[in-house]
1. Based on what the data block shows, is T110 assigned to a strand (DSSP E or B), open to solvent by less than 20 Å² (accessible area, probe 1.4 Å) and over 24 Å from K301 (Cβ atoms)?
2. On the basis of being open to solvent by less than 60 Å² (accessible area, probe 1.4 Å) and hydrophobic (A, V, I, L, M, F, W, C), does V285 make the cut?
3. Could you list, in sequence order, all residues of the range 163-198 that are closer than 17 Å to Y103 by Cα and of a type in the set (A, V, I, L, M, F, W, C)?
4. Restricting the range 212-236 to residues that are loosely packed, with under 13 Cβ neighbours inside 10 Å and either among the polar types (S, T, N, Q) or touching a Ser or Thr at 6+ places or on another chain (Cβ under 6 Å) (or both), which is farthest from Q287 (Cα to Cα)?
5. Would you mind finding the one in T144, T154 that is touching a helix residue (DSSP H, G or I) at 6+ places or on another chain (Cβ under 8 Å) and at negative phi?
6. Restrict the check to the range 257-280 and report whether at least one residue is outside any strand (DSSP E or B) and not basic (K, R).
7. Please work out which one of (1) open to solvent by less than 20 Å² (accessible area, probe 1.4 Å); (2) under 20 Å from L176 (Cβ atoms); (3) not acidic (D, E) is the condition Y278 fails and give its number.
8. For V239, state whether it is of a type in the set (V, I, T), at pLDDT 95 or above, under 21 Å from the mean Cα position of the chain (by Cα) and within 29 Å of V285 (Cα to Cα).
Amino acid sequence: MRKLFLVSLFLIFSFFNLMQSNSWACACGCGVFDVGTASMFPSGSGGTIFEEYDFMDQTHNWSKNSKASDDNNDDKQIRSSFITTGFQYMFNRSWGVEIELPYDHRYFKTTDDDTGDIVSFVHSALGDMRIQGIYTGFSPDMSTGITFGFKVPTGDWTYPGFDRDTEIGSGSTDALIGAFHRGAVLSSSSFSYFIQDLLDQPFLTQGGYRPGTENDGALGVYYHGWSLGGVRFTPVAEVENSYRSRDRGWAADPTDSGYERILLTPGIELDYKRIMVYFDVGFPVYQYVEGNQLVTSALYKVSISYMF
């Protein structure tokens with residue numbers, strides 16, 4: 001009954017955030033990379049170190065829920081790579097901590113406001129660090145958990161030529177609140193499922209820019225019955241969603257920010273002893289953006305982790 005209550009509370013929480021958020025910002029969609037990897041849910045005491053690479057190339061102008069003319073958007077391309085080094089440690093079966101430090105590379109092609117020429121900028125720098133606590137003491141199998149912590153403004157948000165919504169760092173300090181649950185589809189089946197949600201709420205801002213409130217969630221099913229030569233193969237199928245409200249402040253562009261999106265994301269996990277490799281690709285099947293924003297046709301994620 002306690003599990004059922006927690007899962008019900010989680011679903012209500014996710015639905016509330018879905019309904020209160022119109023959309024997203026800039027159409028970057030970076031927060032969705034932080035959900036949908038069930039293999040990173042803790043299953044016992046001990047530690048995990050991991051390296052993750054995420055990629056997206058935003059080249060299509062979008063308005064409302066359909067493609068729009070490129071002439072309606074001064075921005076022409078935003079190509080982003082995110083390399084994240086992470087550490088997770090469970091002190092016992094109830095409490096743990098996770099730290100993520102990204103290093104980002106971004107190519108930005110846009111229209112010069114003064115000359116009307118197409119110009120481009122390239123920037124690589126540390127991104128915004130995430131520090132979170134983990135609690136999984138609701139049940140002995142650690143199948144249900146909550147996460148809580150902060151995103152701190154370690155990323156550069158002042159690079160010349162970039163708009164505030166395309167800077168590597170947001171300049172804001174955000175509260176992070178999340179929940180997850182996993183379980184078997186049937187007691188005698190090799191299929192399992194997971195649900196996850198993460199709310200990102202900025203509360204300290206600087207430079208006249210307040211990013212929109214963001215909510216990212218995932219629902220997935222995976223099969224863990226295949227192995228070959230000591231390697232376990234786990235195919236994964238997910239539905240992911242991202243919602244973010246408009247940006248605010250004198251340095252923001254509320255007209256062309258705000259977004260909602262649904263992704264279908266197939267993936268595969270390979271496990272060998274203490275090493276795990278995970279890869280997925282997210283394909284947008286529904287997108288709605290305010291104003292005109294650049295969107296991507298696919299989001300790529302690959303990670304490798306070692307458990308100790």
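The values are calculated or read from the model by the stated rules, or taken from the named source; none is laboratory data. These numbers were taken from a predicted model, which means no experiment stands behind them. For neighbour counting, all protein chains shown are included, and Cβ atoms are generated from backbone atoms with ideal geometry for every residue, glycine included. Surface areas here come from the heavy atoms of the whole protein model, side chains and all, with no ligands, DNA or RNA. Shrake-Rupley method; radii C 1.70, N 1.55, O 1.52, S 1.80 Å.
1. It is true that T110 is assigned to a strand (DSSP E or B), open to solvent by less than 20 Å² (accessible area, probe 1.4 Å) and over 24 Å from K301 (Cβ atoms).
2. Here the answer is no, as V285 does not meet what is asked.
3. Selection gives I168 alone.
4. Ranking the candidates gives S227 first.
5. Going through T144, T154 in turn, the sole match is T144.
6. Yes, that holds for at least one residue.
7. (2)
8. Here the answer is yes, as V239 does meet what is asked.
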